[in-house]
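Undergrad: Structure incoming, see below.
The values are calculated or read from the model by the stated rules, or taken from the named source; none is laboratory data. It should be emphasised that the depicted structure is a prediction, and the values quoted were computed from it without experimental measurement. Methodologically, a virtual Cβ is constructed for each residue, glycine included, from the backbone with ideal geometry; neighbour enumeration extends over all protein chains shown.
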Amino acid sequence: MVQIIKDMDELKTFLKAAGCKLVVVEFSAKWCGPCQKIYPLVHAMSLQYRNVMFANVDVDDSQELAQTYHIKAVPTFQMFKQAHKVTLFSRLKRAICCYRSGFMGEPIFEFCGADAQKLEAKIRELISSFLIAWSPFWNAASQCSGDWKSVMKIACHPS
């Protein structure tokens, strides 16, 4: 299901409710042909990716949000985790790797256009990077009785 967001308060509430889930926000307009074309595909993705939350912001109805999030074209998709926009440097391992190699690349948290394949690739990339980043903690949790100090000790200092 795609949640319709009308103002900043609704977006903040939606992001808070998402918790640790990935959130995909589509900024669109009713008059936009590409927005109309991709909306059913985004809806289908919202049914396929149950661990991802999807929202839609109409830039004409929510000009404050469009301005706050620097929307220059529609459709624009932005990704959030834990109520913060996902950025290249919010992913520590990638940031260190990119910094060392001198590659700064384009941000992974936003793109414009009605490209469903690109959107799905970004969703999969962010889901998998989240699973990889947290897998040591999940593995550690399965090895102990649920005491978080033990989980952290096993995850951070495996034997």
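Undergrad: Just to check your reading of the model, which residue among 37, 72, 81 is in contact (Cβ under 8 Å) with a residue 40 or more places away in the chain, crowded, with 18+ Cβ neighbours inside 10 Å and basic (Lys, Arg)? Explain how you work it out, then say what you get.
TA: Values: 37 fails: crowded, with 18+ Cβ neighbours inside 10 Å; 72 fails: crowded, with 18+ Cβ neighbours inside 10 Å.
Of the residues listed, the single one that is in contact (Cβ under 8 Å) with a residue 40 or more places away in the chain, crowded, with 18+ Cβ neighbours inside 10 Å and basic (Lys, Arg) is 81.
Undergrad: Within region 24-34, how many residues are farther than 24 Å from residue 83 by Cα and either of a type in the set (S, T, N, Q) or part of a helix (DSSP H, G or I) (or both)? Walk me through how you get there before you give the answer.
TA: Let us first name the residues in region 24-34 that are farther than 24 Å from residue 83 by Cα, namely 30-34.
Next cut, either of a type in the set (S, T, N, Q) or part of a helix (DSSP H, G or I) (or both) only: 33-34.
The total comes to 2.
Undergrad: So which of 63, 67, 48, 117 ends up being at pLDDT 95 or above and more than 20 Å from residue 9 (Cβ to Cβ)?
TA: 48
Undergrad: Looking at region 13-23, is at least one residue outside any strand (DSSP E or B) and under 21 Å from residue 113 (Cβ atoms)? Steps first, please.
TA: First, pick out the residues of region 13-23 that are outside any strand (DSSP E or B): 13-21.
Then keep just the ones that are under 21 Å from residue 113 (Cβ atoms); that gives none.
For region 13-23, residues outside any strand (DSSP E or B) and under 21 Å from residue 113 (Cβ atoms): absent.
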